[in-house]
Amino acid sequence: MNTDLFSLKQIIERSFSRYIKVLPNGLQLPHEPNIYNILNVSLSHFHPARTLYQNKKPFCRSLDGIKSLKNNKKCVSCLCQNQCTTQICVELLYQDIPLKLILAYTSMRKFLKFVSKTNIQNLKNDVFIISVINRGKWGELHFSCS
């Protein structure tokens, strides 16, 4: 019975998943086949995150950099914490739909540089642009004011 509840929890979590997928040729919104080269979004919030990858797939993730979503274990006590990728989770609004974007190293640096040059209060109220630079096997995000 416990495994039934766990499976049900996974189904519910996936149905509400709102992660933007970054591809070399653009951005793919959840549950939508279209790929967008540019998105006009507004910022809700951003915070630290970390992901442990195994075989190039997320094995464990923390959206606050403190506790794992997988087992609610504290990251500081995890034996694998040195293998985690430091990231930023950016919470956005696109056409009034809340979405999340997990930024890897290069895109994270570009985002932090963009935020430092822009008044954060204006970002939360105004629309800004996310575009993708094709880097072959991966997409690098670029942020600009609209």
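The values are calculated or read from the model by the stated rules, or taken from the named source; none is laboratory data. Just so it is clear, the model here is predicted, and its values are computed rather than measured. Cβ atoms come from the backbone with ideal geometry, glycine included; neighbour counts cover every protein chain shown.
For CYS75, state whether it is of a type outside the set (S, T, N, Q), farther than 24 Å from VAL41 by Cα and over 15 Å from the mean Cα position of the chain (by Cα). Explain how you work it out, then say what you get.
Details: of a type outside the set (S, T, N, Q): yes; farther than 24 Å from VAL41 by Cα: yes; over 15 Å from the mean Cα position of the chain (by Cα): yes.
So CYS75 fits the description; yes.
Count, please, the residues in segment 98-136 that happen to be among the charged types (D, E, K, R), modelled with pLDDT under 90 and out of contact with any strand residue (DSSP E or B) (no Cβ under 7 Å at 6 or more places or on another chain). It would help to see each step written out before you state the result.
Of the residues in segment 98-136, the ones among the charged types (D, E, K, R) are 100, 109-110, 113, 117, 124, 126, 135.
From what is left, the residues that are modelled with pLDDT under 90 are 117, 124, 126.
Right, trim to out of contact with any strand residue (DSSP E or B) (no Cβ under 7 Å at 6 or more places or on another chain) and you get 117.
Of the residues in that region, 1 qualify.
Answer yes or no: is there a residue in segment 54-66 that is closer than 17 Å to VAL132 by Cβ and aromatic (Phe, Trp, Tyr).
Filtering segment 54-66 down to residues closer than 17 Å to VAL132 by Cβ leaves none.
Checking segment 54-66: not a single residue is closer than 17 Å to VAL132 by Cβ and aromatic (Phe, Trp, Tyr).
Quickly run through segment 71-120 and pick out the residues that are within 16 Å of ALA49 (Cβ to Cβ) and of a type in the set (Asp, Glu).
GLU91
Considering only residues that are at pLDDT 90 or above and either surrounded by fewer than 18 Cβ atoms within 10 Å (Cβ to Cβ) or among the aliphatic types (A, V, I, L, M) (or both), which ones fall in segment 48-58?
Pass one, segment 48-58, residues at pLDDT 90 or above: 48-55.
Within segment 48-58, PRO48, ALA49, LEU52, TYR53, GLN54, ASN55 qualify.
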